[in-house]
1. In nm, give the distance between the simple-model label positions of Lys208 and Asn81, each being 7 Å from the Cα along the Cα-to-Cβ direction.
2. Taking a threshold of 26 Å on the Cα-Cα distance, which of the pairs Lys195/Lys358; Lys113/Lys358; Lys113/Lys268 fall above it?
3. If you put +1 on each Lys and Arg Cβ and -1 on each Asp and Glu Cβ, how big is the dipole of segment 5-81 around its Cα centre, in Debye rounded to 20?
4. Work through the residues other than Trp84 whose Cβ is under 13 Å from its Cβ and net out their charges, Lys, Arg +1 and Asp, Glu -1.
5. Could you compute the net charge surrounding Leu295? Neighbours are other residues with a C-beta less than 10 Å from the C-beta of Leu295; K and R count +1, D and E count -1.
6. Under 28 Å Cα-Cα from Lys80, which lysines qualify once same-chain neighbours fewer than 8 residues away are excluded?
7. Strictly greater than 19 Å: what percent of every Cα pair in segment 5-81 meets that?
8. If we count every other residue with Cβ under 12 angstrom of Glu56's Cβ, Lys/Arg +1 and Asp/Glu -1, where does the sum land?
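Here, each number is a calculation from the coordinates, and none is a lab measurement. For clarity, every value in this text was computed on a predicted model and none was experimentally measured. Using ideal geometry, Cβ is built from the backbone for each residue, glycine included, and neighbour counts are taken over all protein chains shown.
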Amino acid sequence: MPTDWQAVAEELADDLPSVTNRTRAREVLTLVEQLGPLDAPGDEFKRVYEFLRWNEPARVIAVVEELLQALKRSEQPWIKNNAWRYVVGAFDSWICRARVFYLAAGIVEGALKARVDERLTEFFGPSWPGNPDAVPSNVRERIDENRAKDAMEAVRRCLELSESSEGRALDEIARISREATALREVQSGSKFISKLDFGLLRSFFQTKRLWGGMIKLQSIFSASAGDSPLRSQVDETLDRIHLLRNEVAHYRPSGRLNFSDGLFACAKIAQWLREDLQHIYESIDTRSSTELSMLLESYYLPLYQQSLARRAGCVTDGCALGRPWDILLDRAPTDWPDEGLERTVLACQYHRFEIRAKKHRPGEE
């Protein structure tokens, strides 16, 4: 029989003074109760009430609704202990996965910026941002807007300082004038492109005259068969990364609890750059247990369970450390299913680090 959460809310009104949060806690718990068992109603209500002081109710509800959809697809109940703790775990896992994805997206962004700068420098020279043919029109418009704002701000500060009777006012005005003048100076390509956001970076690959013609940014990429991907394919893949990257950067944990689509997109870009994302990722992040496979939990869970059923453990012979184990990827998949990755290999926390260091950072002591 469903719990009367309205009655629980009224009973706890003295301890939980916010009417808004009591109403929201009631709405959340009405949904969560459909997932599985809960603790004593009063205790559970207090937990949810406090949680909603730190996290937006709409996002919490989005997570619960995704879990409910997964439960409907399941043949039997799979939350047997405490449904609210499961929701919190799923919500918090978004942050952990976001960290892994954001590093992967950062690797791709850095690689693309370096290659664009390299190509344009070879064609136009190191000061290529000063050449109108080297920069997409929308990028130049955005830069001009920012320069105009900076110049107006400099003028405003000069006027304010001119009203001051302090002796240092003239020195300050001179310094601000130099800053405004510097805005008009042509930057090196490397410095210029390092300041562009991901959306403006995409513009270089969307511009036809840069993609093809004499400049040929398309030469940055190649498919496994040796042919370059289409411009539309690159832009579509970058768009998938861009959307998820913005969700992380602006902390918008939507109902989607994993980043598998973003991982596939990052891995595909890396593959087009003739590299493997797993290799690059593990060359950078070896300090803690953050495998790219974390983003593929929904795919790997059955394989992980099969490994446990056959009593598989750490891939290192004689390891006695036990759980937690990570699923190790030989390379980053660009889609699912990937036949080359269907064998699940596990490693403990210690040996995961040891294996990755030997493979991806050889020669280090």
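1. 5.9 nm
2. Lys195/Lys358; Lys113/Lys358
3. That gives a dipole near 280 debye.
4. Numbers: positive: Lys46, Arg47, Arg85; negative: Glu33, Asp39, Asp43, Glu44, Glu50, Asp92.
My count for the surroundings of Trp84 gives -3.
5. Working: positive: Arg97; negative: Asp261, Glu291, Glu297.
Taking every other residue near Leu295 into account, the sum is -2.
6. In chain and number order, the partners are Lys46, Lys72.
7. Percent of Cα pairs beyond 19 Å in segment 5-81: 36.
8. +4
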